[in-house]
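Undergrad: Can you read through this structure? Questions will come right after.
Coordinate-derived values only; no laboratory data. As the structure is a prediction and not an experimental result, all values here were calculated from the model. As a convention, Cβ positions derive from the backbone with ideal geometry for all residues, glycine included, and neighbour counts pool all protein chains shown.
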Ligand code: NDP
């Protein structure tokens, strides 16, 4: 028996989250690989799942945790989640795990693919998942640091790659402008700033918490602007400032970012802490040729996943990562979920599962 956080939604719609000491492998659900989990993390989405938000917690009983890092304990441990085919014998060695070259004892990480949403996730000492969701732990990154990067850092890397595909750094948007990061003190924002600064860009951080100004400058931001500057900006076309944008906020903030983006540049939209609506017009797109690039870390194809993790392994300053990381034990994950929804956490929070 092992420890896991469970969230249950009762028939009267009340939600209850608690640490259970008596989970067994039989409680875990489908998958062809068993993982001994050592680290997980608290993302905004984990806060939503821990609160029973139906947009994230898609079942009535769930182990949350969209990230996990650990070692493979057993291969061929059960039926794959994505193909509950009648002819898959539970005790067969998984051909997918063989194809991926996975072995018992390998250190692996997993972000997304529905864990912590539709499938039991990483806030548990043990997890059963599909082998082809796993990414080998990148060389030079410890398990704790891989969890500190987590979905937030992975999403930041996907966003940077999207801006570069759009021409950032190659002169398409004149190459000399500033890059805006919104929701800057959060997990995605903090790692986005560090990656962009490492690539030589001048980064402007938008934050609603002036007390984090020095923190944001220490990550590599050149300037910090108030959240309200973007929230109050109304017209769909304004002075062109940004050579690229990574937006974790959505709503009016994203609309204002689009209005201020340089001709031909790319805006990566990855979050919605400020709202899901987008109050703009077609003008930024048809008069300025701006590209709006949607980021989805959950179903991101394997090749792009490996490219993003490769970029993190190459460019992310690991001492800087440590400086933005807070560690908590598994028992504190429920409280941390409440805090992230209330905007009280900054940087990354890793969960020491053991
Ligand atoms: P965090 O809570 O760590 O960061 C969000 C930050 O946004 C906060 O730190 C705060 O920064 C700012 N913020 C908080 N509330 C508001 C508000 N009401 N209005 C404006 N700004 C606000 O979350 P994550 O970094 O984990 O996630 C950020 C967003 O990205 C979330 O919406 C999340 O769901 C999404 N996401 C999407 C992914 C994808 O695949 N598309 C993957 C991962 C995350 P400050 O105080 O500096 O303003």
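Undergrad: Please work out the FRET efficiency for the pair residue 286 and residue 318, using the Cβ-Cβ distance as r and a Förster radius of 30 Å; give the result to the nearest 0.05.
TA: Details: r = 43 Å, r/R0 = 1.44.
The computed FRET efficiency comes out at 0.10.
Undergrad: Let me ask you something else. For the chain, modelled as a Gaussian network with Cα springs under 10 Å, which listed residue fluctuates most, 112, 167, 41?
TA: Among 112, 167, 41, the largest mean-square fluctuation in the Gaussian network model of the chain belongs to 167.
Undergrad: Further question: Rg and Dmax of region 151-294, Cα atoms, in Å?
TA: Final numbers for Rg and Dmax: 13.3, 39 Å.
Undergrad: For the residues 25, 319, 228, what sequence is obtained by ranking on other C-beta atoms within 10 Å, fewest first?
TA: 319, 228, 25
Undergrad: Given the -39500 (n - 2.57) contribution per DSSP H run of 4+ residues, what per-residue ellipticity at 222 nm results for the chain, rounded to the nearest 500 deg cm²/dmol?
TA: So the helix-based figure for the chain works out to -8000 deg cm²/dmol.
Undergrad: Between residue 225 and residue 14, what is the label-to-label distance in nm when each label sits 7 Å out along the Cα-to-Cβ direction?
TA: It is 4.7 nm.
Undergrad: Return the FRET efficiency for the residue pair residue 59, residue 331: r is the Cβ-Cβ distance, R0 is 30 Å, and the value is rounded to the nearest 0.05.
TA: Working: r = 23 Å, r/R0 = 0.77.
The pair residue 59/residue 331 has a calculated efficiency of 0.85.
Undergrad: Send over the semi-axes of the chain's equivalent ellipsoid, whole angstrom and largest first, taken as the square roots of 5 times the C-alpha gyration tensor eigenvalues.
TA: Ellipsoid half-lengths, sorted descending, are 36, 21, 19 Å.
Undergrad: Expressed in nm to one decimal, what extension gain is obtained for the pair residue 217 and residue 139 from 0.36 nm per residue of sequence separation less their Cα-Cα distance?
TA: Stretched out fully, the residue 217 to residue 139 stretch lengthens by 25.2 nm.
Undergrad: How big is region 231-313 by the Kirkwood estimate over distinct Cα pairs, in Å?
TA: 13.5
Undergrad: For a Förster distance of 51 Å, can you work out the FRET efficiency between the beta-carbons of residue 82 and residue 344, rounded to the nearest 0.05?
TA: 0.90
Undergrad: Let me ask something else. Kindly list the residues of region 126-145 that lie in the label zone of residue 299, defined by a backbone N under 17 Å from the point 7 Å along the Cα-to-C-beta vector.
TA: 133
Undergrad: Just want to confirm a number: the relative contact order over the chain, from Cα pairs under 8 angstrom separated by 6+ residues, in percent.
TA: It rounds to 19 percent for the chain.
Undergrad: With labels modelled as points extended 7 Å from the Cα through the Cβ direction, what inter-label distance (nm, one decimal) is found for residue 164 paired with residue 36?
TA: Here the modelled spin labels are 3.6 nm apart.
Undergrad: Please rank 272, 57, 1, 48, fewest neighbouring Cβ atoms within 10 Å first, as an exposure proxy.
TA: Lowest to highest Cβ neighbour count: 1, 272, 48, 57.
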